[in-house]
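Written out below as structure tokens is the structure these notes cover.
No value in this document is a laboratory result; all are computed from the given coordinates. Keep in mind that what you see is a predicted model, and the values were worked out from it rather than measured. Note: ideal-geometry Cβ built from the backbone for every residue, glycine included; neighbour counts use all protein chains shown.
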Amino acid sequence: MNNTTVRFATSSQWLHWIMAVLILLMLFVGVIMVTSMTNYYWLFGLHRSVGTLVLFLALLRLANRLWFPPPKLPSEMPRWERRVAALSEYSMYALMIVMPLVGWGMLSAARYPIVIFGSISLPFILPHDLKWYSVLHASHTVLAYVFFAMVLAHFGAVMLHTIVYRDGLLFRMLSLPVRGVGPLKAIDLKADSAILENDPSQKVNHV
Ligand code: HEM
Ligand code: HEM
């Protein structure tokens, strides 16, 4: 079978996988840090630095997504599922931006020095107010668990499509050859001429 597919732009793929690693690291470092007596300070330093990097990359990724719109989901996918997928993507974008801002805001409200990468001092973004600190601290914790649940659901959905439905969904986000992955139903030949026009390298031949 010789087939043609549309994938996410190369820049979208790089941003997706780099950020997936960083966000998972943030979630685990966050939980380990708050329960660690001996490694708290260096883990907290890492958490602030990587968290701020996540904020920067999330803004870059938002601009990238506007520049390279994502390929349309396969037309065989039920409409409700496409809506849920879109909603979960928007929510994850919101969390990638809101989580670091809430962390930054919480430390600002506590007047805790926000030093990242060992020497860069970030400005305070909120007035000194301990009530705000405690509200933002609780929000940061709740949002972290919501984020974790969303990432798990996202991973589960992609795996369900790729392994059970065998529609090749995973390979829309990977520049790997896709021999033997099944019928690749996810590939919508008419989808997204926009991506192909902007990034012709995303046109791939399958055997
Ligand atoms: C994507 C970005 C981020 C994620 C996923 C994340 C995740 C987490 C998690 C899972 C916790 C532990 C929550 C708990 O069990 O109570 C935590 C705590 C915390 N995070 Fe973040 N965080 C992010 C960004 C940031 C940033 C940018 C800052 C500050 C500049 C920050 C400051 C804090 C603080 C102050 C705590 C509480 C520490 C403590 O109670 O001793 N976070 N974060
Ligand atoms: C912290 C972890 C993750 C986050 C925050 C995340 C977030 C996202 C977002 C926002 C999108 C929409 C496309 C974009 O604008 O980039 C997306 C797409 C995608 N993600 Fe993730 N992701 C994560 C982890 C993973 C993992 C572990 C997998 C592996 C199964 C995965 C596989 C995919 C695939 C295949 C798509 C494309 C879906 C489609 O074809 O529409 N993601 N992800």
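Assorted remarks:
- For Tyr40 and Leu101, a Förster radius of 22 Å and the Cβ-Cβ distance give a FRET efficiency of 0.45, rounded to the nearest 0.05.
- The magnitude of the dipole of the stretch 1-120, with charges of +1 and -1 set on the Cβ of Lys/Arg and Asp/Glu and taken from the Cα centre, is near 200 debye.
- Karplus-derived 3J(HN,Hα), 6.51/-1.76/1.60, for each residue of the stretch 127-133, Hz, glycine and proline x: x, 5, 7, 6, 5, 4, 4
- The length gained on full extension between Phe148 and Glu89, counted as 0.36 nm times the residue separation minus their Cα-Cα distance, comes to 19.9 nm.
- Taken about its Cα centre, the stretch 53-138 carries a charge dipole of about 140 debye when Lys and Arg each add +1 at the Cβ and Asp and Glu each add -1 at the Cβ.
- Theoretical FRET efficiency, 1/(1+(r/R0)^6), r = Cβ-Cβ of Ala20 and Thr141, R0 22 Å, to 0.05: 0.55
- Mean Cα-pair separation over length for the stretch 1-138, i.e. relative contact order, pairs under 8 Å, 6 or more apart, %: 23
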